[in-house]
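A short write-up of the structure that comes next.
The values are calculated or read from the model by the stated rules, or taken from the named source; none is laboratory data. Remember, it's a predicted structure, so these values are computed and weren't measured experimentally. Reconstructed Cβ throughout: ideal geometry from the backbone, glycine too, with neighbour counts over all protein chains shown. Side chains included, ligands, DNA and RNA excluded: accessible areas come from the protein's heavy atoms. Shrake-Rupley method; radii C 1.70, N 1.55, O 1.52, S 1.80 Å.
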Amino acid sequence: MMTKALDVYQYIDSFAPFSGAMDFDNPGLLVGDGSEEVSTAILALDITPSVIEEAKQKGAQLIISHHPVIFTPLKKLIPGTAPYELVRNGIAAICAHTNLDMAHGGVNDCLADRLELTNIRTLKEYAPGFREALMGDLKTPMAPFEFAKFVKESLHADGLRYTKGDKPVHTVGLCSGGGIDLLETAMQMGCDAFVTGESKHNFLVEADSYHYTLVDAGHFFTEDVVIEPLREKLETRFPEVCWIKSVVMKSPAFYI
């Protein structure tokens, strides 16, 4: 039997329940009705027109992304935009956002794994069983600059921002993407450093005033870590489908 988009949705739901997403979120099967037969699927952090064009070129019937392709109510559909092009080309879209962030084996777990952390535990729960942020230990303590450089290299980031704490980094708190609001929680829980994907000026000032190591590694680089593990997971469950990680989806920012 052919794999259908609904089969993929239900499988993702089994380990990253869509019902557990944060209140503001809009994950799920956002384009299509689930009856689409899937022989080829593209995985990307975002669904952009270029990713849709890539899917067309690969003959894909489904795109799975982390960020929802429809986040706020649509007031109109315009040619050239992602929702319009998905419908026009008959490509279904499944978006697993905060439910995947917090799932076991999800984004935060993949980020902790990429940073080679041990003794992983919950830094903050959103709801029972849904881990909004994690903490873990480095195998060997590092100086703040050394740690920031290690994060950059581990995530293959084009660049990052950090504040230089006044002590070695051993215990690390993390929240992928926009988790900067948990900076104070990380401090209170005894983390020597906090890694996330976005930080406003006031948080950088706060971290610096406390002589605390904050690493802002970029939204893309702290979340793209989940795409390949998710592709491998789906490939194991649905070997009859060709699962492809997008090659056109890259960080939209350039560093000079």
Computed over the stretch 1-80, the Cα gyration tensor eigenvalues, each multiplied by 5 and square-rooted, give semi-axes in Å (largest first) of 20, 19, 11
Among DSSP beta bridges whose residues both lie in the chain, state the antiparallel percentage, nearest 5.
-> 45
To the nearest 10 square angstrom, how much accessible area does residue 241 have with a 1.4 angstrom probe?
-> 10
Which distance in Å, rounded to a whole number, links the C-alpha centroids of the stretch 1-65 and the stretch 153-183?
-> 30
Give the accessible area for residue 110 in Å² (nearest 10); use a 1.4 Å probe, count only protein heavy atoms, and leave out ligands, DNA and RNA.
-> 20
Considering only Cα-Cα distances, which of the following residue pairs are longer than 19 Å: 4/233; 149/245; 58/245; 152/250; 56/76; 152/245?
-> 149/245; 56/76; 152/245
What net charge do the residues around residue 35 carry, taking every other residue with its C-beta under 11 Å from that of residue 35, with Lys and Arg at +1 and Asp and Glu at -1?
-> -3
For the chain, built as a Gaussian network whose Cα springs stay under 10 Å, the top-fluctuating residue of 106, 80, 165 = 80
Equivalent ellipsoid, the chain (semi-axes from 5 times Cα gyration tensor eigenvalues, Å) | 34, 18, 16
Computed, not fitted: 222 nm per-residue ellipticity of the chain from DSSP H runs ≥ 4 (each -39500 (n - 2.57)), nearest 500, equal to -9000 deg cm²/dmol
For the stretch 170-239, projected area of the alpha-carbon convex hull averaged over all directions, nm² | 5.5
Share of alpha-carbon pairs per 10 Å distance bin for the stretch 43-82, given as whole % = 27, 55, 18, 0
Could you give the accessible area per residue of the stretch 45-121, probe 1.4 Å, as a whole number in Å²?
-> 44
For residue 147, the accessible surface traced by a 1.4 Å probe with all protein chains present amounts, in square angstrom to the nearest 10, to 0
Of the accessible area of the chain, with the probe set at 1.4 angstrom, what percent is carbon plus sulfur?
-> 54
